[in-house]
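A.B. asks: Here it is: the structure, laid out below.
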Amino acid sequence: MSEQGIGKRVVRKEDQRFLTGKGHYTDDLQRIRQTHAYFLRSPHAHAKIARIDTKAAQSAPGVVAVFTGADTAAAKVGSLICGWVVKDKHGEPHKAPPHPALAVDTVRHVGDTVAMVIAETEAQAKDAAEKIVVDYQELPAVINPAKALDKGAAQLHAEAPGNLCYDWELGDRAAVDAAFAKAAHVTKIDLVNNRLIPNAMEPRAAAAEYDAGSGQYTLWTTSQNPHVTRLVLSAFVLGIPEHKLRVIAPDVGGGFGSKIFIYAEETLLTWASAKVNRPIKWTAERNESFVSDAHGRDHVTHAELAMDKDGKFLALKVDTIANMGAYLSTFATAVPTYLYGTLLAGQYTTPAIHVNVRSVFTNTAPVDAYRGAGRPEATFVLERIVEQAAREMKIDKAELRRRNFIATDAYPYQTPVALAYDSGNYAGALKKALEMADYDGFEKRRADSKAKGKLRGIGLSAYIEACGLAPSAVVGSLGAGVGQWESAQVRFNPTGNVQVYTGSHSHGQGHETTFAQLVSTQLGVPLDQVEVIHGDTASVPFGMGTYGSRSLAVGGSAIVKACDKIIAKGKKIAAHMLEASAADIEFKNGVFSIAGTDKQVPLGGVVFSAYVPHNYPLNEVEPGMDENAFYDPANFTYPAGVHICEIEIDPDTGVSTIAKFTAVDDFGNLVNPMIVEGQVHGGIGQGIGQALLEHGVYDEKSGQLLTGSYMDYTMPRADDLPSFDVGYQVTPCPHNPLGVKGCGEAGAIAAPAAVMNAIHDALAPVGVKSIDMPATSSRVWQAIQRANTKMAAE
Amino acid sequence: MSVSVSMKVNGKTATGNVEPRTLLVQFIREHLGLTGTHVGCDTSQCGACVVHVDGKSIKSCTMLALRADGADVSTIEGLAKDGTLHPMQEAFREHHGLQCGFCTPGMVMSAIDLVKRHNYKLDEKTVRHGLEGNLCRCTGYHNIVKAVLAGAEAMQAKGV
């Protein structure tokens, strides 16, 4: 038992099916009388649709139906929604232009959905779509977020004059200005946080089916949160009563945020399944994923840090333009505001902070949460400017951080940007990371590299994230349209095995194992007797899904609460069976006993009695052993840590090689360290990808996505990445029953700044001051050449 | 127009009528219902569709079903024997070399061929280079590399 419980490296229960090809992903589905959908997409960044002629497509072989925006408008299919209202600096809600699932008269980005063709086969649907004639009248487009607010820029929405979604601020501007006025030194920095395309390996897919007899719709979809999909489609978009819509997210091949959102395609499939009265399936081709999945990041930022003569931070001001894309995706507005501005205190005691964010519309795919969501952008700003400051002040980068860390005895710690940190030990994590990375030995390694004609650099990133989303009252006061509790049901069967229903969704995170370990530990049931069930609104009572590193901290806590109810009920039954008072009953390792005696009954016996209540306290307790719980967290959790990247650059080619990557993270208690390490590795992989390789690029004139396939968008491959050294600092979260903080996003949050700080450290000696992500070999080489030319001229 | 195609898949004869443009992966997934082989891209980059054709790993999204007529094909479903995982499958499980599981079948099939091509002698660099044609977005490859190295040893030890 103890080998399988909390804290053990248990191999995953779900692996058997994935390793043998027996997983069930959405595209694997084959329903009787199933049809296939194909979406005709806009080839233009911005155009009026003068006319659509679908006649030839309608009569093409195998075609069942063709729908355009005129059909969905006539059927009153609602606009796709953004579920988080951000109020601007004047208290006005953000501009929310309509987002039709099928474009009605205007297309606003390459890949915008124009028509849906449903046919007997996928190939027939695709062939028929080629016969649709669309007269586009091209309009000027705006692509670059930094230019979207310019006078004369192309305008996307009448509802959003000047392409401005909102102009938002947080913090005390007057206090910041006063601090800058007395600063001994001010460091200034300009940054681009590059646009990323999430690229879960499973492309988005959906299948919908309508049962005319019951009026029941079933939607299978690649979702991280099927209950949220059901709620949004029911309450806002399609008007299907919630109890008549079942949403199933089966095995899902990665999400990273991109599968949180409610997209046009699953909306249209659900609607059309009743129209054609047949099941419809659609699976994105990768090129469709590139142009239609919600992208990530895409910020342009100017920041300034004021310090006293010893490098003590006095104030920080940050001005950011954030790209929303052409329409607001489901949670787009919250990402560059409440998940970004609130994190700008980082691990430091900076007393005054002000952040101004203007979010803008451009003729590009919508931008929303991608692994980390706002927090990587905040960490990047802060950790880049801190190391820039260290260089300018000639203070060791680790020492400068130490001088400004929040002390370990300062919790709860109220930052000037709304959050109250609950726990942490930042100096402890730094110390450990510096030791693991052999920071003290770096200058020798730098000299060795120099002797070989190479440039070597080391960079730190001391990050913090607010996750475990989220205390409902807090997010509600900030504009969230939903509560962010989680639910769980723990159900014993009469034979003693357990089914655990969770509203968290697993698409790689290993919940079927981690949650089973929890229940095994709490209730003393062997791991193989615990089955974790997720992803189906018909079986799981309720759920808010998986994002914001919330599954264990919130979903796991709900499971613990449900287990507590099982134990409390079991004590009453055991008391009856042992002829004692419930107050005298103890529960340990799966056995109820009378305290201080050897009289006992195992949980299995209690469960059996609950279902076969022949001798049972029916006047005190109901039969059955099946408990529900909801858990709404008291606060966010605050994972934090230090990542260190050491890099070697060949100045002749610009090629960067990561020599060593060290991560020390504080996730509180760990349930399955093996799974946690996997999460950290994956996050770091994506973070290094952002720093060195990945970039979603649109042509500024045509608005075409230039990085629309794996030929052009550089996904990190096995030989682009090193192995990682991972260590932990453990400061348990004080406000959830497991003391856990969440580990899913840390790597993606911390790594980009660590890598880019290492690059700047390596390139500073040759005069390179600033280089943007991704620091590709081409960019690095050009930066070195420019610096050489400049030095030669001087 | 449809044409007949016949091949051996995981040791059993599989026959079907397909459109000439049908890809091997479509035949495997849609006609044979072997959905363990996945499609993750449309440019033959991701490797989720890797199967073995006549003993060599190939991307089944890049081969017409007709070209595999008469071939001996094995997919992820054919690896485990009598309920016992292939040593490479076992190594992926033991070393947590998979998360969402989507790239896993292709990754395992590629890894087995990689081991054989290098006569069981692999180092980290060879594995990383050899897996260039298989994308994983979850693991950062760290544990995949560990798994393949361990899997290679186990394959040699078991004579697989």
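The values are calculated or read from the model by the stated rules, or taken from the named source; none is laboratory data. Owing to the predicted nature of the structure, the values given are computational and were not obtained by experimental measurement. Positions of Cβ are generated from backbone atoms using ideal geometry, with glycine treated the same way; all protein chains shown enter the neighbour counts. Ligands, DNA and RNA are excluded from the accessible area calculation, which covers all protein heavy atoms including side chains. Shrake-Rupley method; radii C 1.70, N 1.55, O 1.52, S 1.80 Å.
A.B. asks: What FRET efficiency do you get for B:THR13 and A:SER79 if R0 is 51 Å and r is their Cβ-Cβ distance, rounded to the nearest 0.05?
C.D. replies: Values: r = 53 Å, r/R0 = 1.04.
Efficiency, from the Cβ-Cβ distance: 0.45.
A.B. asks: Return the ratio Rg/(2.2 N^0.38 Å) for chain B, where Rg is computed over Cα atoms only. Show your work: numbers first, answer last.
C.D. replies: Working: Rg = 15.4 Å, N = 160, 2.2 N^0.38 = 15.1 Å.
My calculation over the Cα atoms of chain B gives 1.02.
A.B. asks: Give me the summed buried accessible area for the B-A pair, 1.4 Å probe, to the nearest 100 Å². If you can, show how the numbers build up before the last one.
C.D. replies: Values: alone 8580 and 29090 Å², together 33470 Å².
Between B and A, the summed buried area is about 4200 Å².
A.B. asks: Can you give the convex hull volume of the alpha carbon atoms of the stretch A:205-254 per residue, in Å³?
C.D. replies: For the stretch A:205-254, the hull spanned by Cα atoms encloses 70 Å³ per residue.
A.B. asks: Using +1 on the beta carbon of Lys and Arg, -1 on that of Asp and Glu, and nothing else charged, what's the dipole of the protein assembly as shown about the Cα centre, debye to 20? Mind dumping the intermediate values first?
C.D. replies: Working: 91 positive and 102 negative charges, 151 e Å.
Here the protein assembly as shown has a charge dipole of around 720 debye.
A.B. asks: Okay, moving on. Pop out the ³J(HN,Hα) list for the stretch A:26-42 in order, Karplus 6.51 cos²θ - 1.76 cosθ + 1.60 with θ = phi - 60°, rounded to Hz; leave Gly and Pro as x.
C.D. replies: In residue order, the calculated couplings are 4, 5, 6, 5, 9, 9, 5, 6, 5, 10, 10, 9, 9, 9, 7, 10, 5 Hz.
A.B. asks: Hey, can you grab everything whose amide H is under 5 Å from the amide H of A:THR35? Only 5+ residues off in sequence or another chain; H modelled, so Pro and N-termini drop out.
C.D. replies: Amide H to amide H, under 5 Å and 5 or more residues apart or across chains, A:THR35 pairs with A:ILE280, A:LYS281.
A.B. asks: What accessible area per residue comes out for the stretch B:3-78, rounded to a whole number of Å², with a 1.4 Å probe?
C.D. replies: Working: 3100 Å² over 76 residues.
Computed with neighbouring chains in place, this is 41 Å² per residue.
A.B. asks: Can you tell me which aspartates and glutamates have their Cα less than 17 Å from the Cα of A:LYS147? Leave out same-chain residues fewer than eight positions away.
C.D. replies: By straight Cα distance, A:LYS147 reaches A:ASP167, A:ASP190, A:ASP298, A:ASP319, A:ASP699, A:GLU700.
A.B. asks: Just to confirm, what accessible area per residue do you get for the stretch A:30-80 at 1.4 Å probe, in whole Å²?
C.D. replies: Values: 2470 Å² over 51 residues.
Using a 1.4 Å probe on heavy atoms only, each residue of the stretch A:30-80 averages 48 Å².
A.B. asks: Here's another thing I want to ask about it. Please grab the % of Cα pairs in the stretch A:229-352 that end up more than 23 Å from each other. All intermediate terms of the calculation are to be shown ahead of the outcome.
C.D. replies: Working: 3956 of 7626 pairs.
For the stretch A:229-352, the share of Cα pairs beyond 23 Å comes to 52 percent.
A.B. asks: Still on this structure, I have one more. I'd like the trypsin sites (Lys or Arg not before Pro) in the stretch B:1-63 restricted to DSSP loop residues with at most 14 other Cβ atoms within 10 Å, sorted by number.
C.D. replies: Numbers: sites: B:LYS8, B:LYS12, B:ARG21, B:ARG29, B:LYS56, B:LYS59; in loops: B:ARG21.
For trypsin sites (Lys or Arg not before Pro) across the stretch B:1-63 that sit outside H, G, I, E and B with at most 14 neighbouring Cβ atoms in 10 Å, the list reads B:ARG21.
A.B. asks: Can you give the extra length, in nm with one decimal, that the chain gains between A:ASP177 and A:ASN277 once fully stretched, where that is 0.36 nm per residue apart less the Cα-Cα distance?
C.D. replies: Details: separation 100, 0.36 × 100 = 36.00 nm, distance 6.36 nm.
Between A:ASP177 and A:ASN277, full extension yields 29.6 nm more.
A.B. asks: Continuing with the same structure: Can you pull out the trypsin sites (Lys or Arg not before Pro) in the stretch A:687-753 whose DSSP state is coil and whose Cβ has at most 12 other Cβ atoms within 10 Å?
C.D. replies: Values: sites: A:LYS701, A:ARG717, A:LYS741; in loops: A:LYS701, A:ARG717, A:LYS741.
Within the stretch A:687-753, the qualifying trypsin sites (Lys or Arg not before Pro) (loop, at most 12 other Cβ atoms within 10 Å) are A:LYS701.
A.B. asks: Taking the Cα centre of the stretch A:324-419 as the origin, how large is its charge dipole in debye, to the nearest 20, when only Lys and Arg (+1) and Asp and Glu (-1) carry charge on their Cβ atoms?
C.D. replies: On the way: 10 positive and 8 negative charges, 27 e Å.
I would put it at about 120 debye.
A.B. asks: Gain in length, B:LYS116 to B:ASP54, computed as 0.36 nm per residue apart minus the alpha-carbon separation, to one decimal in nm?
C.D. replies: So the extension gain works out to 21.0 nm.
A.B. asks: Further question on the same structure: Using Cα-only point scatterers and the Debye equation, what is log10 of I(q)/I(0) for the stretch A:278-322 at each q in 0.29, 0.32 Å⁻¹, rounded to two decimals?
C.D. replies: At q = 0.29, 0.32 Å⁻¹ the computed log10 ratios are -0.99, -1.05.
A.B. asks: Show that you can apply the helix-only estimate: for the protein assembly as shown, add -39,500 (n - 2.57) for every DSSP H stretch of four or more residues, divide by all residues, and state [θ] at 222 nm to the nearest 500.
C.D. replies: Working: 23 runs with 254 residues, N = 954.
Mean residue ellipticity at 222 nm (helix-derived): -8000 deg cm²/dmol.
A.B. asks: Treating cross-link reach as a plain straight distance, find the lysines whose alpha-carbon is under 16 Å from the alpha-carbon of A:LYS87, omitting any fewer than eight places away in the same chain.
C.D. replies: In chain and number order, the partners are A:LYS95.
A.B. asks: Just the number: Rg to Rh for chain A, Cα atoms, Kirkwood Rh, two decimals. It would help to have the intermediate numbers written out before the result.
C.D. replies: Details: Rg = 27.6 Å, Rh = 27.8 Å.
In chain A, Rg relative to Rh is 0.99.
A.B. asks: Quick one: length gained pulling A:LYS565 to A:LEU149 fully straight, 0.36 nm per residue minus the C-alpha distance?
C.D. replies: Numbers: separation 416, 0.36 × 416 = 149.76 nm, distance 5.52 nm.
Length gained, A:LYS565 through A:LEU149: 144.2 nm.
A.B. asks: Starting from the Kirkwood radius over alpha-carbon pairs of the stretch A:144-250, derive D by Stokes-Einstein at 20 °C in a medium of 1.002 mPa s and give it in µm² s⁻¹. It would help to have the intermediate numbers written out before the result.
C.D. replies: Working: Rh = 19.5 Å.
Reported coefficient: 110 µm²/s.
A.B. asks: Further question on the same structure: Taking the Cα-to-Cβ direction at A:ASP409 and at A:ASP308 and moving 7 Å from each Cα, how far apart do the two end points lie in nm?
C.D. replies: 2.0 nm
A.B. asks: As an exercise, use a Förster radius of 56 Å and the Cβ-Cβ distance of A:GLU138 and B:ALA157 to find the FRET efficiency, rounded to the nearest 0.05. Walk me through the numbers before you get to the answer.
C.D. replies: Values: r = 64 Å, r/R0 = 1.15.
So the FRET efficiency works out to roughly 0.30.
A.B. asks: Of A:LYS8/A:LYS565; A:LYS48/A:LYS275; A:LYS244/A:LYS588; A:LYS22/B:LYS59, which pairs sit farther than 31 Å apart, going by alpha carbon to alpha carbon? If you can, show how the numbers build up before the last one.
C.D. replies: Working: A:LYS8/A:LYS565 25 Å; A:LYS48/A:LYS275 27 Å; A:LYS244/A:LYS588 43 Å; A:LYS22/B:LYS59 20 Å.
From A:LYS8/A:LYS565; A:LYS48/A:LYS275; A:LYS244/A:LYS588; A:LYS22/B:LYS59, over 31 Å: A:LYS244/A:LYS588.
A.B. asks: When only alpha-carbon atoms are used, what values of Rg and Dmax, in angstrom, describe the stretch A:214-295?
C.D. replies: 12.5, 38
A.B. asks: Next question. List the GluC sites (Glu not before Pro) within the stretch A:506-600 that fall in a DSSP loop (any state other than H, G, I, E or B) and whose Cβ has at most 10 other Cβ atoms within 10 Å.
C.D. replies: Answer in residue order: A:GLU579.
A.B. asks: Okay, next question. Other chains near B:71-81: what is the mean number of their Cβ atoms within 10 Å of each residue's Cβ?
C.D. replies: Working: counts 0, 0, 0, 0, 1, 5, 3, 2, 3, 5, 0.
Counting other chains' Cβ atoms within 10 Å and averaging over B:71-81 gives 2.
A.B. asks: With 16 Å as the cut-off, how large is the P(r) tail for the stretch B:87-158, expressed as percent of Cα-Cα pairs?
C.D. replies: Values: 906 of 2556 pairs.
Percentage above 16 Å: 35.
A.B. asks: Determine ³J(HN,Hα), in whole Hz, for all residues of the stretch B:139-154 in sequence, where each value follows from phi through the Karplus function 6.51 cos²θ - 1.76 cosθ + 1.60 and θ = phi - 60°; x replaces Gly and Pro.
C.D. replies: 9, x, 6, 3, 7, 5, 4, 4, 5, 5, 4, 5, x, 4, 4, 5
A.B. asks: With each label point set 7 Å from Cα along the Cα-Cβ vector, what nm distance links A:LYS244 and A:GLU285?
C.D. replies: Here the answer is 3.6 nm between the modelled labels.
A.B. asks: Spelling out what I want: for every residue of the stretch A:532-542, take phi, set θ = phi - 60°, compute 6.51 cos²θ - 1.76 cosθ + 1.60 (Karplus), and round to whole Hz; glycine and proline get x.
C.D. replies: 9, 10, 8, x, 9, 5, 7, 10, 7, x, 8
A.B. asks: For A:LEU706 and A:ALA158, FRET efficiency with R0 = 41 Å and r from the beta-carbon atoms, rounded to 0.05? Write out the running numbers ahead of the final one.
C.D. replies: Working: r = 29 Å, r/R0 = 0.71.
So the FRET efficiency works out to roughly 0.90.
A.B. asks: Taking the convex hull of the Cα atoms, report for the stretch B:3-78 its projected area averaged over all directions, in nm².
C.D. replies: Values: hull surface 17.0 nm².
For the Cα atoms of the stretch B:3-78, the hull's average projected area reads 4.3 nm².
A.B. asks: Evaluated at 25 °C with a viscosity of 0.890 mPa s, what Stokes-Einstein diffusion coefficient in µm²/s does the stretch A:463-583 have when Rh comes from the Kirkwood expression over alpha-carbon pairs? Each step should come with its number before you reach the end.
C.D. replies: On the way: Rh = 15.5 Å.
The Stokes-Einstein estimate is 158 µm²/s.
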